[in-house]
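What follows is a set of notes on a single structure, which appears directly below.
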Protein chains: 2
Amino acid sequence: MTRTANITALSIGSVLIATLALAQSDPLASAVAARQAHMDLYAFNLGVLGGMAQGALAYDAGAATAAADNLVALASINQTTYWLPGTESGAVEGSRAKAELWSGIDDLMAKNAVLVAAAAAMQVAAGTDLVSLQAAMGPLGGACGACHMSYRVSN
Amino acid sequence: MTRTANITALSIGSVLIATLALAQSDPLASAVAARQAHMDLYAFNLGVLGGMAQGALAYDAGAATAAADNLVALASINQTTYWLPGTESGAVEGSRAKAELWSGIDDLMAKNAVLVAAAAAMQVAAGTDLVSLQAAMGPLGGACGACHMSYRVSN
């Protein structure tokens, strides 16, 4: 890189870091927003698969596989920093997490392992055919729902 | 699984699929929301690293590595379904994508490859020491900023 390019890159980095530091000024709200963004991305990719399963979207092996790959990548993300103690429903605006979540971490991780397995099964099924995709949808939805039923406050 | 458990899992799956189908009823707005969620997750994990780089957060090799791992996982996500044509700024509420993005896909993918490389470098640096983390922050911020400067409408 030239010196000018270096300075430009550093300036962009500094602006970005300043912006991010601002986002960190309310770490609890920021953590809640991050986990909700994570759930939104699960929902979006599940929506592609669910749309095909229901016939609302045409079955496309490539798009279905990409969505399943994304679920596996998302499930691999370390969410430790998203689930800070003190971010349960009532403590932070918009949070729907039950306080029981923080006393049930082992169960939570076991439920997450079921989700990882269901997403991995969907990775294989999604590219096979529509019937396989539909069959893999139940366990995947069940894995999501199991955690919501235990640890998410009802609307 | 017992028959009851099967039925329960199927019911949860059906509810989930119905919810997701609803989310898909405005696919353009849904795609914009998904890519913004993706950017939020980049920002959150970068915020952990940026906070340490600036001294606002104590340096923690494990947490820094987890954040860098997450950036690599996020960068691996196939975003094809998030960047639908017709979702540029002005066409969908809240979108800040310039129309040039869709004529610059090759350049966009090249810029994404730079981000992937910067995130991979951060994966090594983050667990090494604070000075290494700080040094890796510039290229990472630069990779984010390069895409924003070319393809994001200013606030």
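If R0 equals 45 Å, the separation of the Cβ atoms of B:Ser89 and A:Met109 corresponds to a calculated FRET efficiency of about 0.65.
In order along the range B:57-70, the Karplus-derived 3J(HN,Hα) couplings, from 6.51 cos²θ - 1.76 cosθ + 1.60 at θ = phi - 60°, round to 10, 5, 5, 9, 4, x, 5, 5, 5, 4, 5, 5, 4, 5 Hz, and Gly and Pro are given as x.
Over all orientations, the range B:78-140 has a Cα convex hull whose mean projected area works out to 5.4 square nanometres.
Rounded to whole numbers, the Karplus 3J(HN,Hα) couplings from phi for the range A:118-123 are 5, 5, 5, 5, 5, 4 Hz, using 6.51 cos²θ - 1.76 cosθ + 1.60 with θ = phi - 60°, and x at Gly and Pro. Please list log₁₀ I(q)/I(0) at q = 0.09, 0.10, 0.13, 0.23 Å⁻¹ for the range B:41-155, using the Debye equation with identical point scatterers on the alpha-carbon positions. One equal scatterer on each Cα of the range B:41-155 leads to -0.27, -0.33, -0.54, -1.21. Which whole number gives the average, over all residues in A:145-154, of C-beta atoms from other chains lying within 10 Å of the residue C-beta? If you average over the peptide's residues, the count of other-chain Cβ atoms is 2. A point 7 Å from Cα along Cα→Cβ stands in for A:Ser89, and the other copies hold the same point at 3.9 nm, listed in rising order.
Residue-level result for chain A: its Cβ closest to the axis carrying A onto B, with that distance in Å, is A:Ala37, 2. Pairing chains A and B buries close to 3300 square angstrom of accessible surface in total, based on protein heavy atoms and a 1.4 angstrom probe.
Between the amide H of B:Arg152 and those of B:Lys98, distances stay under 5 Å, these residues lying 5 or more places away or on another chain, with hydrogens modeled in the peptide plane. Between amide H atoms placed 1.01 Å from N, distances below 5 Å from A:Ile77 occur with no residue 5 or more places distant or on a separate chain.
Phi angles of the range A:142-155 translate, via the Karplus equation with coefficients 6.51, -1.76, 1.60 and θ = phi - 60°, into HN-Hα couplings of x, 5, 5, x, 4, 6, 4, 5, 7, 10, 10, 5, 5, 5 Hz per residue; Gly and Pro are given as x. Inter-chain neighbour count for B:28-34: the average number of beta-carbon atoms from partner chains within 10 Å of each residue's beta-carbon is 3.
How fast does the range B:110-155 diffuse by Stokes-Einstein, in µm²/s, taking the Kirkwood radius from C-alpha pairs at 37 °C and 0.692 mPa s? Write down the numbers at each step before the final one.
Working: Rh = 11.0 Å.
D = 297 µm²/s.
Among the GluC sites (Glu not before Pro) found in the range B:85-155, those both in a DSSP coil and sparsely packed, with 12 or fewer other Cβ atoms within 10 Å of their Cβ, are B:Glu93.
The values are calculated or read from the model by the stated rules, or taken from the named source; none is laboratory data. Treat the numbers as computed from the prediction; the structure is a model and nothing was measured. When we count neighbours, we look across all protein chains shown, and the Cβ atoms used for this are built from the backbone with ideal geometry, even at glycine. For accessibility, only protein heavy atoms count, side chains too; no ligands or nucleic acids. Shrake-Rupley method; radii C 1.70, N 1.55, O 1.52, S 1.80 Å.
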